[in-house]
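First comes the structure, then the notes that go with it.
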Amino acid sequence: MTVSAPGASRTRLVLIPSYNPGPKVYDTVRSARAQWTPVWVVVDGSTDDSAAGLQAMAAQDDGLRVIVLPHNVGKGAAVLHGLDLAAAQGFTHVLTMDSDGQHPAQLIPDFMAASSAQPAAMVLGVPVFAADAPRLRVNGRKVSNAWANLETLWAGIGDSLFGFRVYPIEPLRRVMHGQRWMRRFDFDPEAVVRMCWLGVKPVNLPASVKYFRPDEGGVSHFNYLRDNLLLTWMHSRLFLGFVLRLPLLLVRRVRGD
Ligand SMILES: Nc1nc2c(ncn2[C@@H]2O[C@H](COP(=O)(O)OP(=O)(O)O)[C@@H](O)[C@H]2O)c(=O)[nH]1
Ligand SMILES: [Mg+2]
């Protein structure tokens, strides 16, 4: 059986890293499939039964591919695994989204269209929060955004953390294979800063983000202490990279390119 969805793209795919995502994962994948073909899910060593559930969905749907990693490697590493496979099949761009229902699948066609219009750019979702968003996450984001904007000399990053984005695959693989970081929650902000350094321009589009209560099926693996330490270390190394690149960034800024 083939799920009703638009004709398969040969250049752009939706890539969903997934780690113990909770019950929303099936709806999330179905919603993505309703908007796009193909959709790939990288099951990142999940210990719930989502690998089997997703593989059963894929058996009924040619447009869905499920890649199962035997051990948990982290969000960035799971994305990179998918990027390498996608590049080997000739894909040029990837839309990343989370597996837990927080991201707006209905915007996939708009984001892909923005990427087609400017293929050299990256298309960044800028989160539009509802009133129920946790204050701590909303404020923490402001800190990360301030750092990311400084580190790129205000190259136009609308949001440093939101994972609903379209990336050109080749520069992102180059950035990630060039160093050992960006494998966990440091993926999204470091990707956007390093891509800017490479000269990949950001295009910002608003995107609603949902926060579900645990009784609604909301699951987060963000650990405030562990992951804020990880992000602090990340911004420290990015700041050093910024200082080293400052002359280049200033020249670019003066030239306006
Ligand atoms: N936390 C975490 N998320 C992962 C991992 N591998 C893949 N992911 C996916 O990354 C996305 C974001 O994770 P989540 O826990 O929802 O973070 P939050 O939305 O920032 O609270 C989800 O789609 C996860 O399933 C991992 O090792 N750890
Ligand atoms: Mg989440």
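Details
- Considering only TYR224, TYR26, TYR211, the mean-square fluctuation computed in a Gaussian network model of the chain, springs between alpha carbons under 10 angstrom, is largest for TYR224.
- Our estimate of slack between LEU153 and PHE222, defined as 0.36 nm per intervening residue step minus the Cα-Cα distance, is 22.0 nm.
- Simple Cβ-charge dipole of region 12-255, Lys/Arg +1 and Asp/Glu -1, about Cα centre, in debye nearest 20: 1020
- Using the Cβ-Cβ distance between ARG213 and VAL138 with R0 = 22 Å, the FRET efficiency computed as 1/(1 + (r/R0)^6) comes to roughly 0.85.
- Overall, the ratio between the Cα radius of gyration of the chain and 2.2 N^0.38 Å, rounded to two decimals, is 0.97.
- Against the chain, whose longest principal axis comes from its Cα atoms, helix 75-88 is set at around 80 degrees.
- Partner lysines for LYS210 [C-alpha distance under 20 Å; skip if fewer than 8 residues away on the same chain]: LYS24, LYS75, LYS142
- Packing-based exposure ordering (other Cβ within 10 Å, fewest first) of ILE67, ILE108: ILE67, ILE108
- Extension gain, LYS201-GLN179: 0.36 nm per intervening residue step, less the Cα-Cα distance, totals 5.8 nm.
Read-outs throughout are calculated quantities, based only on the coordinates presented, and are distinct from any laboratory measurement. Everything numeric here is computed off the predicted structure, so don't read it as measured data. Glycine also receives a Cβ, built like all others from the backbone with ideal geometry; neighbour counts cover every protein chain displayed.
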